[in-house]
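Heads up, the thing below is written out as C-alpha coordinates.
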Amino acid sequence: MNLRIPGPTPLPPSVREAVSRDMINHRGPEFARLLHETVEGLKHFFQTSQEVLLLTGSGTGGMEAVVVNLFSPGEKVLVASIGHFGQRFGDICRAFGLQVQQLDFPMGTAADPDVIGEQLRADPEISAVLVTHNDTSTGVTNDIEAIAKVVKAADRMLVVDAVSSLGAIELKMDEWGVDAVVTGSQKAWMAPPGLAMVALSQRAWDAHARKKLPCYYWDFTAARKSAAKGETPWTPAVSTVYGLHAALQLMLAEGMPAIFERHRRIGRYVRDGLKQMGLRLFADERYASDTVTAVWAPDGISAKDVIGKMQEDHGVVITGGQGSLAGRILRIGHIGYVDVPDIQMVLEALSSTLQGLGYSPAGAGKVASA
Ligand SMILES: *Cc1c(COP(=O)(O)O)cnc(C)c1O
(Lines give C-alpha, C1' and ligand atoms only; values in the text may rest on other atoms or scores of the structure.)
Protein backbone atom coordinates (compact mmCIF):
# COMPACT_ATOMS: atom_id res chain seq x y z
CA MET A 1 0.00 0.00 0.00
CA ASN A 2 1.32 3.47 -0.90
CA LEU A 3 -0.13 5.65 1.88
CA ARG A 4 -0.12 9.27 0.75
CA ILE A 5 -2.42 11.10 3.12
CA PRO A 6 -1.10 14.04 5.15
CA GLY A 7 -0.57 11.87 8.23
CA PRO A 8 -0.29 9.27 9.49
CA THR A 9 2.58 8.72 7.10
CA PRO A 10 4.51 5.54 6.24
CA LEU A 11 7.28 4.46 8.61
CA PRO A 12 10.89 3.80 7.55
CA PRO A 13 12.08 0.23 8.34
CA SER A 14 14.26 1.32 11.29
CA VAL A 15 11.29 3.14 12.83
CA ARG A 16 9.03 0.10 12.41
CA GLU A 17 11.69 -1.98 14.10
CA ALA A 18 12.02 0.52 16.94
CA VAL A 19 8.30 0.67 17.68
CA SER A 20 8.16 -3.11 18.04
CA ARG A 21 10.66 -3.13 20.93
CA ASP A 22 9.57 -4.39 24.35
CA MET A 23 8.48 -2.05 27.12
CA ILE A 24 10.86 -0.44 29.61
CA ASN A 25 10.31 1.33 32.92
CA HIS A 26 9.17 4.80 31.92
CA ARG A 27 10.74 6.10 35.15
CA GLY A 28 14.03 4.27 34.67
CA PRO A 29 17.44 5.23 33.23
CA GLU A 30 16.82 3.83 29.71
CA PHE A 31 13.77 6.00 29.27
CA ALA A 32 15.59 9.06 30.65
CA ARG A 33 18.31 8.58 28.02
CA LEU A 34 15.75 8.02 25.26
CA LEU A 35 13.83 11.14 26.27
CA HIS A 36 16.95 13.26 26.50
CA GLU A 37 18.19 12.28 23.03
CA THR A 38 14.73 12.70 21.54
CA VAL A 39 14.33 16.19 23.00
CA GLU A 40 17.82 17.20 21.82
CA GLY A 41 16.92 16.10 18.28
CA LEU A 42 13.62 17.95 18.43
CA LYS A 43 15.28 21.16 19.65
CA HIS A 44 17.45 21.07 16.54
CA PHE A 45 14.41 20.86 14.24
CA PHE A 46 12.36 23.37 16.26
CA GLN A 47 15.43 25.63 15.90
CA THR A 48 15.08 26.57 19.54
CA SER A 49 17.17 26.56 22.69
CA GLN A 50 13.99 26.11 24.75
CA GLU A 51 12.80 22.83 26.23
CA VAL A 52 10.61 20.74 23.90
CA LEU A 53 7.84 19.00 25.83
CA LEU A 54 6.64 15.56 24.76
CA LEU A 55 2.91 15.21 25.42
CA THR A 56 1.02 11.99 24.88
CA GLY A 57 -1.88 12.90 22.64
CA SER A 58 -2.59 13.83 19.04
CA GLY A 59 -1.77 17.17 17.45
CA THR A 60 -5.14 18.58 18.48
CA GLY A 61 -4.30 17.66 22.08
CA GLY A 62 -1.13 19.73 21.69
CA MET A 63 -3.16 22.69 20.39
CA GLU A 64 -5.56 22.44 23.32
CA ALA A 65 -2.62 22.07 25.72
CA VAL A 66 -1.11 25.32 24.48
CA VAL A 67 -4.42 27.18 24.87
CA VAL A 68 -5.05 26.00 28.46
CA ASN A 69 -1.43 26.69 29.43
CA LEU A 70 -1.16 30.24 28.08
CA PHE A 71 -4.49 31.98 28.50
CA SER A 72 -7.15 33.07 30.99
CA PRO A 73 -10.95 32.99 30.65
CA GLY A 74 -12.20 36.00 28.72
CA GLU A 75 -8.77 36.83 27.32
CA LYS A 76 -8.90 38.24 23.81
CA VAL A 77 -6.98 36.48 21.02
CA LEU A 78 -6.83 36.81 17.27
CA VAL A 79 -7.15 33.61 15.25
CA ALA A 80 -5.98 34.03 11.66
CA SER A 81 -7.62 31.18 9.77
CA ILE A 82 -6.98 29.96 6.23
CA GLY A 83 -8.88 26.67 6.49
CA HIS A 84 -10.09 23.78 8.57
CA PHE A 85 -7.23 23.80 11.06
CA GLY A 86 -7.38 27.56 11.69
CA GLN A 87 -11.09 27.06 12.36
CA ARG A 88 -10.14 24.29 14.82
CA PHE A 89 -7.77 26.62 16.69
CA GLY A 90 -10.63 29.13 16.97
CA ASP A 91 -13.03 26.41 18.14
CA ILE A 92 -10.63 25.31 20.89
CA CYS A 93 -10.23 28.90 22.12
CA ARG A 94 -14.01 29.38 22.14
CA ALA A 95 -14.52 26.09 23.98
CA PHE A 96 -12.35 27.46 26.80
CA GLY A 97 -14.14 30.79 27.02
CA LEU A 98 -11.61 33.04 25.31
CA GLN A 99 -12.83 36.06 23.40
CA VAL A 100 -11.94 35.11 19.86
CA GLN A 101 -11.56 37.55 17.05
CA GLN A 102 -11.39 35.29 14.01
CA LEU A 103 -9.92 36.60 10.82
CA ASP A 104 -10.91 34.28 7.94
CA PHE A 105 -8.83 34.52 4.80
CA PRO A 106 -10.25 32.96 1.62
CA MET A 107 -9.47 29.25 1.42
CA GLY A 108 -6.63 28.56 -0.99
CA THR A 109 -4.79 31.73 -0.05
CA ALA A 110 -2.43 32.56 2.80
CA ALA A 111 -2.98 34.92 5.72
CA ASP A 112 -2.03 38.51 4.92
CA PRO A 113 0.46 39.76 7.55
CA ASP A 114 -0.54 43.40 6.93
CA VAL A 115 -4.18 42.67 7.77
CA ILE A 116 -3.09 40.92 10.97
CA GLY A 117 -0.91 43.93 11.85
CA GLU A 118 -3.84 46.32 11.27
CA GLN A 119 -6.10 44.28 13.55
CA LEU A 120 -3.47 44.28 16.30
CA ARG A 121 -2.96 48.04 16.06
CA ALA A 122 -6.74 48.58 16.15
CA ASP A 123 -7.24 46.43 19.24
CA PRO A 124 -4.66 46.65 22.01
CA GLU A 125 -6.60 44.12 24.10
CA ILE A 126 -5.62 41.23 21.83
CA SER A 127 -2.85 39.40 23.68
CA ALA A 128 -1.92 36.77 21.11
CA VAL A 129 -2.24 35.65 17.50
CA LEU A 130 -2.90 31.98 16.78
CA VAL A 131 -2.20 30.76 13.27
CA THR A 132 -1.65 27.56 11.29
CA HIS A 133 1.74 27.27 9.59
CA ASN A 134 0.58 24.86 6.92
CA ASP A 135 -3.17 24.35 6.55
CA THR A 136 -3.46 20.70 5.63
CA SER A 137 -7.07 21.16 4.47
CA THR A 138 -6.16 23.51 1.61
CA GLY A 139 -2.47 22.84 0.97
CA VAL A 140 -1.41 26.38 1.79
CA THR A 141 1.67 27.46 3.77
CA ASN A 142 1.60 30.74 5.67
CA ASP A 143 4.61 33.04 5.79
CA ILE A 144 5.28 32.73 9.51
CA GLU A 145 8.41 34.88 9.33
CA ALA A 146 6.39 37.81 7.96
CA ILE A 147 3.51 37.20 10.40
CA ALA A 148 5.98 37.04 13.31
CA LYS A 149 7.39 40.43 12.25
CA VAL A 150 4.03 42.19 12.52
CA VAL A 151 3.09 40.37 15.73
CA LYS A 152 6.42 41.28 17.34
CA ALA A 153 6.12 44.89 16.10
CA ALA A 154 2.78 45.03 17.97
CA ASP A 155 4.36 43.33 21.01
CA ARG A 156 1.94 40.35 21.18
CA MET A 157 2.44 36.59 21.43
CA LEU A 158 2.49 34.33 18.38
CA VAL A 159 1.21 30.75 18.67
CA VAL A 160 1.76 28.47 15.67
CA ASP A 161 0.13 25.15 14.78
CA ALA A 162 3.02 23.55 12.89
CA VAL A 163 1.55 20.05 13.01
CA SER A 164 1.89 19.40 9.27
CA SER A 165 5.02 21.46 8.60
CA LEU A 166 7.64 21.32 11.33
CA GLY A 167 10.43 18.95 10.32
CA ALA A 168 9.60 19.36 6.61
CA ILE A 169 9.23 23.10 6.04
CA GLU A 170 11.46 25.74 7.62
CA LEU A 171 10.29 27.35 10.86
CA LYS A 172 12.93 29.21 12.87
CA MET A 173 11.23 29.43 16.23
CA ASP A 174 13.82 31.47 18.14
CA GLU A 175 15.10 33.61 15.28
CA TRP A 176 11.64 34.59 14.04
CA GLY A 177 10.29 35.12 17.57
CA VAL A 178 7.54 32.50 17.61
CA ASP A 179 6.23 32.06 21.18
CA ALA A 180 4.60 28.65 20.99
CA VAL A 181 5.00 25.88 18.43
CA VAL A 182 3.01 22.63 18.30
CA THR A 183 3.64 19.60 16.12
CA GLY A 184 2.61 15.93 16.00
CA SER A 185 4.58 12.68 15.67
CA GLN A 186 2.58 11.27 12.74
CA LYS A 187 3.27 14.08 10.26
CA ALA A 188 6.78 15.14 9.13
CA TRP A 189 8.45 13.07 11.84
CA MET A 190 8.01 9.63 10.19
CA ALA A 191 6.74 8.21 13.50
CA PRO A 192 3.39 6.72 14.51
CA PRO A 193 0.60 8.87 15.99
CA GLY A 194 0.62 9.36 19.75
CA LEU A 195 2.80 12.35 20.61
CA ALA A 196 2.36 16.09 20.42
CA MET A 197 5.55 18.11 20.78
CA VAL A 198 5.43 21.67 22.06
CA ALA A 199 7.96 24.42 22.76
CA LEU A 200 7.42 27.82 24.41
CA SER A 201 9.49 31.02 24.32
CA GLN A 202 10.43 32.75 27.58
CA ARG A 203 7.60 35.19 26.96
CA ALA A 204 5.15 32.28 26.67
CA TRP A 205 6.51 30.69 29.87
CA ASP A 206 5.86 34.04 31.58
CA ALA A 207 2.30 34.02 30.23
CA HIS A 208 1.98 30.45 31.51
CA ALA A 209 2.92 31.62 35.01
CA ARG A 210 0.06 34.17 34.94
CA LYS A 211 -2.63 32.16 33.14
CA LYS A 212 -5.91 31.28 34.83
CA LEU A 213 -7.44 28.54 32.66
CA PRO A 214 -7.50 25.29 34.64
CA CYS A 215 -5.77 22.15 33.44
CA TYR A 216 -4.33 18.97 34.90
CA TYR A 217 -3.20 16.38 32.32
CA TRP A 218 -1.71 19.05 30.04
CA ASP A 219 -0.01 21.13 32.77
CA PHE A 220 3.28 22.43 31.32
CA THR A 221 4.74 23.14 34.77
CA ALA A 222 4.33 19.46 35.63
CA ALA A 223 5.75 18.48 32.22
CA ARG A 224 8.80 20.69 32.66
CA LYS A 225 9.45 19.46 36.19
CA SER A 226 9.28 15.83 35.08
CA ALA A 227 11.44 16.50 32.01
CA ALA A 228 14.22 17.76 34.31
CA LYS A 229 14.21 14.26 35.88
CA GLY A 230 14.14 12.49 32.50
CA GLU A 231 10.46 11.64 32.81
CA THR A 232 7.02 12.71 31.73
CA PRO A 233 4.33 13.40 34.37
CA TRP A 234 2.11 10.53 33.19
CA THR A 235 2.84 7.29 31.35
CA PRO A 236 4.01 8.35 27.88
CA ALA A 237 3.32 6.58 24.57
CA VAL A 238 6.62 4.69 24.98
CA SER A 239 6.47 2.94 21.58
CA THR A 240 5.90 6.22 19.79
CA VAL A 241 8.90 7.69 21.62
CA TYR A 242 10.99 4.72 20.37
CA GLY A 243 9.77 5.46 16.86
CA LEU A 244 10.34 9.21 17.06
CA HIS A 245 13.84 8.65 18.44
CA ALA A 246 14.72 6.32 15.55
CA ALA A 247 13.19 8.71 12.99
CA LEU A 248 15.18 11.62 14.39
CA GLN A 249 18.42 9.67 13.81
CA LEU A 250 17.45 9.39 10.12
CA MET A 251 16.50 13.07 9.99
CA LEU A 252 19.75 14.20 11.62
CA ALA A 253 21.73 12.04 9.18
CA GLU A 254 19.90 13.49 6.15
CA GLY A 255 20.22 17.03 7.52
CA MET A 256 17.66 19.77 7.86
CA PRO A 257 18.49 21.63 4.60
CA ALA A 258 18.35 18.39 2.60
CA ILE A 259 14.99 17.46 4.16
CA PHE A 260 13.51 20.85 3.30
CA GLU A 261 14.93 20.65 -0.24
CA ARG A 262 13.48 17.14 -0.73
CA HIS A 263 10.02 18.41 0.27
CA ARG A 264 10.35 21.44 -2.04
CA ARG A 265 11.39 19.18 -4.95
CA ILE A 266 8.49 16.81 -4.35
CA GLY A 267 6.03 19.69 -3.92
CA ARG A 268 7.00 21.08 -7.33
CA TYR A 269 6.88 17.61 -8.87
CA VAL A 270 3.32 16.97 -7.63
CA ARG A 271 2.01 20.35 -8.75
CA ASP A 272 3.65 20.08 -12.18
CA GLY A 273 2.32 16.55 -12.63
CA LEU A 274 -1.24 17.53 -11.71
CA LYS A 275 -1.17 20.52 -14.05
CA GLN A 276 0.18 18.35 -16.87
CA MET A 277 -2.91 16.18 -16.41
CA GLY A 278 -5.01 19.29 -16.97
CA LEU A 279 -6.17 19.43 -13.35
CA ARG A 280 -6.71 22.64 -11.41
CA LEU A 281 -4.78 23.13 -8.18
CA PHE A 282 -6.85 24.33 -5.24
CA ALA A 283 -4.26 26.63 -3.69
CA ASP A 284 -2.81 29.81 -5.08
CA GLU A 285 0.58 28.53 -6.23
CA ARG A 286 2.45 31.37 -4.56
CA TYR A 287 1.54 29.82 -1.20
CA ALA A 288 1.41 26.16 -2.21
CA SER A 289 2.44 23.72 0.49
CA ASP A 290 5.37 21.36 -0.01
CA THR A 291 3.83 18.72 2.30
CA VAL A 292 0.27 18.38 1.00
CA THR A 293 -1.40 19.28 -2.30
CA ALA A 294 -5.09 19.86 -2.83
CA VAL A 295 -6.53 19.67 -6.33
CA TRP A 296 -10.08 20.07 -7.66
CA ALA A 297 -11.77 16.89 -8.85
CA PRO A 298 -12.56 17.33 -12.59
CA ASP A 299 -16.12 18.42 -13.42
CA GLY A 300 -18.54 15.52 -13.37
CA ILE A 301 -16.16 13.15 -11.58
CA SER A 302 -16.68 12.34 -7.92
CA ALA A 303 -13.66 12.73 -5.65
CA LYS A 304 -14.93 9.78 -3.63
CA ASP A 305 -14.91 7.50 -6.70
CA VAL A 306 -11.37 8.56 -7.57
CA ILE A 307 -10.11 7.87 -4.05
CA GLY A 308 -11.88 4.49 -3.89
CA LYS A 309 -10.60 3.31 -7.27
CA MET A 310 -7.05 4.44 -6.61
CA GLN A 311 -6.97 2.33 -3.49
CA GLU A 312 -8.75 -0.70 -4.99
CA ASP A 313 -6.98 -0.82 -8.34
CA HIS A 314 -3.57 0.65 -7.51
CA GLY A 315 -3.03 0.33 -3.77
CA VAL A 316 -2.52 4.08 -3.56
CA VAL A 317 -4.24 5.88 -0.69
CA ILE A 318 -4.99 9.59 -0.98
CA THR A 319 -7.76 11.54 0.69
CA GLY A 320 -10.51 14.06 0.00
CA GLY A 321 -11.64 17.43 1.30
CA GLN A 322 -12.72 18.33 4.81
CA GLY A 323 -15.82 20.34 5.76
CA SER A 324 -17.21 22.35 2.84
CA LEU A 325 -14.60 20.86 0.51
CA ALA A 326 -15.70 17.23 1.08
CA GLY A 327 -16.35 15.50 -2.26
CA ARG A 328 -14.91 18.40 -4.25
CA ILE A 329 -11.16 18.13 -3.86
CA LEU A 330 -8.50 15.47 -3.64
CA ARG A 331 -5.55 15.79 -1.27
CA ILE A 332 -2.19 14.11 -1.70
CA GLY A 333 0.16 13.94 1.27
CA HIS A 334 3.89 14.20 0.52
CA ILE A 335 5.33 14.59 3.97
CA GLY A 336 7.93 12.72 5.98
CA TYR A 337 9.06 9.38 4.55
CA VAL A 338 8.58 10.19 0.88
CA ASP A 339 10.58 10.64 -2.30
CA VAL A 340 9.80 11.39 -5.93
CA PRO A 341 9.19 7.77 -7.06
CA ASP A 342 6.48 7.34 -4.37
CA ILE A 343 4.69 10.35 -5.81
CA GLN A 344 5.29 9.30 -9.39
CA MET A 345 3.28 6.16 -8.50
CA VAL A 346 0.50 8.35 -7.11
CA LEU A 347 0.34 10.49 -10.24
CA GLU A 348 0.31 7.42 -12.51
CA ALA A 349 -2.48 5.84 -10.48
CA LEU A 350 -4.46 9.08 -10.51
CA SER A 351 -4.04 9.54 -14.22
CA SER A 352 -5.11 6.00 -15.00
CA THR A 353 -8.05 6.20 -12.58
CA LEU A 354 -9.29 9.45 -14.07
CA GLN A 355 -9.10 8.00 -17.59
CA GLY A 356 -11.07 4.99 -16.38
CA LEU A 357 -13.73 7.37 -15.10
CA GLY A 358 -13.98 9.07 -18.49
CA TYR A 359 -11.70 12.04 -17.99
CA SER A 360 -9.67 12.89 -21.09
CA PRO A 361 -8.15 16.34 -21.40
CA ALA A 362 -5.00 16.92 -23.41
CA GLY A 363 -2.07 15.60 -21.46
CA ALA A 364 -3.98 13.09 -19.37
CA GLY A 365 -2.06 9.86 -19.04
CA LYS A 366 1.33 11.48 -19.22
CA VAL A 367 3.42 11.49 -16.09
CA ALA A 368 6.89 12.98 -16.16
CA SER A 369 9.56 10.52 -15.23
CA ALA A 370 11.33 11.03 -11.93
C1 LIG B 1 -3.05 16.81 11.45
C2 LIG B 1 -3.17 18.23 11.87
C3 LIG B 1 -3.69 18.61 13.12
C4 LIG B 1 -4.34 17.66 14.07
O5 LIG B 1 -3.62 16.62 14.40
P6 LIG B 1 -4.32 15.32 15.08
O7 LIG B 1 -3.10 14.56 15.41
O8 LIG B 1 -5.19 14.71 14.03
O9 LIG B 1 -5.08 15.77 16.26
C10 LIG B 1 -3.67 19.94 13.47
N11 LIG B 1 -3.21 20.87 12.64
C12 LIG B 1 -2.73 20.56 11.43
C13 LIG B 1 -2.24 21.66 10.56
C14 LIG B 1 -2.70 19.24 11.00
O15 LIG B 1 -2.25 18.92 9.79
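Looking at the range 261-275 only, could you name the residues that are in contact with a His (Cβ under 9 Å, 6 or more places away or on another chain), farther than 14 Å from Ile169 by Cβ and of a type outside the set (Phe, Trp, Tyr)? Answer for the range 261-275, where residues must be in contact with a His (Cβ under 9 Å, 6 or more places away or on another chain), farther than 14 Å from Ile169 by Cβ and of a type outside the set (Phe, Trp, Tyr): just Val270. Being more than 16 Å from the ligand (Cβ to nearest atom), crowded, with 22+ Cβ neighbours inside 10 Å and not in a loop (DSSP other than H, G, I, E, B) holds for only one residue in Leu34, Leu42, and it is Leu42.
Of all the listed residues (Ala154, Ala146), the sole one being modelled with pLDDT of 95 or more and over 20 Å from Gly83 (Cβ atoms) is Ala154. Looking at the range 136-154, which of the residues that are within 16 Å of the ligand (Cβ to nearest atom) and small (Gly, Ala, Ser) is surrounded by the fewest Cβ atoms within 10 Å (Cβ to Cβ)? So the residue we want is Ser137. Residues of the range 255-280 that are open to solvent by 70 Å² or more (accessible area, probe 1.4 Å) and not in a helix (DSSP H, G or I): Arg280 alone. How about the range 116-135: which of its residues are away from the ligand (no atom under 12 Å from the Cβ) and in contact (Cβ under 8 Å) with a residue 12 or more places away in the chain? Scanning the range 116-135 gives Ile116, Gly117, Gln119, Leu120, Arg121, Asp123, Glu125, Ile126, Ser127, Ala128, Val129. The sole residue among Ala303, Ala237, Ala283, Ala247 that is out of contact with any helix residue (DSSP H, G or I) (no Cβ under 8 Å at 6 or more places or on another chain), in contact (Cβ under 8 Å) with a residue 24 or more places away in the chain and open to solvent by less than 10 Å² (accessible area, probe 1.4 Å) is Ala303. Taken as a whole, the condition of being in contact with a Ser or Thr (Cβ under 6 Å, 6 or more places away or on another chain) and either assigned to a strand (DSSP E or B) or modelled with pLDDT of 95 or more (or both) does not apply to Ala209. Basic (Lys, Arg), open to solvent by 60 Å² or more (accessible area, probe 1.4 Å), over 25 Å from Ala258 (Cβ atoms) and without any contact (Cβ under 8 Å) to a residue 12 or more places away in the chain: is that true of Lys309 in this structure? No; evaluated as a whole, the condition is false for this residue. All of (1) touching a Lys or Arg at 6+ places or on another chain (Cβ under 7 Å); (2) outside any loop (DSSP other than H, G, I, E, B) hold for Ala196 with one exception: (1).
Of the residues in the range 155-196, how many are on the phi < 0 side of the Ramachandran plot, open to solvent by 20 Å² or more (accessible area, probe 1.4 Å) and more than 10 Å from the chain's Cα centre (by Cα)? Here the count works out to 8. Within the range 202-214, residues that are touching a residue at least 40 places away in the same chain (Cβ under 8 Å) and closer than 16 Å to Ser49 by Cα have Cβ atoms under 6 Å from residues that are open to solvent by less than 40 Å² (accessible area, probe 1.4 Å) and among the small types (Gly, Ala, Ser) in these pairs: Ala204/Ala180, counting only partners at least 6 apart in sequence or on another chain. Quick one: in the range 114-135, of everything that is charged (D, E, K, R) and part of a loop (DSSP other than H, G, I, E, B), which residue is most open to solvent (accessible area, probe 1.4 Å)? Filtering the range 114-135 for residues that are charged (D, E, K, R) and part of a loop (DSSP other than H, G, I, E, B), the one most open to solvent (accessible area, probe 1.4 Å) comes out as Glu125.
The values are calculated or read from the model by the stated rules, or taken from the named source; none is laboratory data. Just so you know, these numbers come straight off a predicted model, no measurement behind them. With ideal geometry, Cβ positions are generated from the backbone for all residues, glycine too; neighbour counts draw on all protein chains shown. Just so you know, the surface numbers come from the protein's heavy atoms only, side chains and all, with ligands and any DNA or RNA stripped out. Shrake-Rupley method; radii C 1.70, N 1.55, O 1.52, S 1.80 Å.
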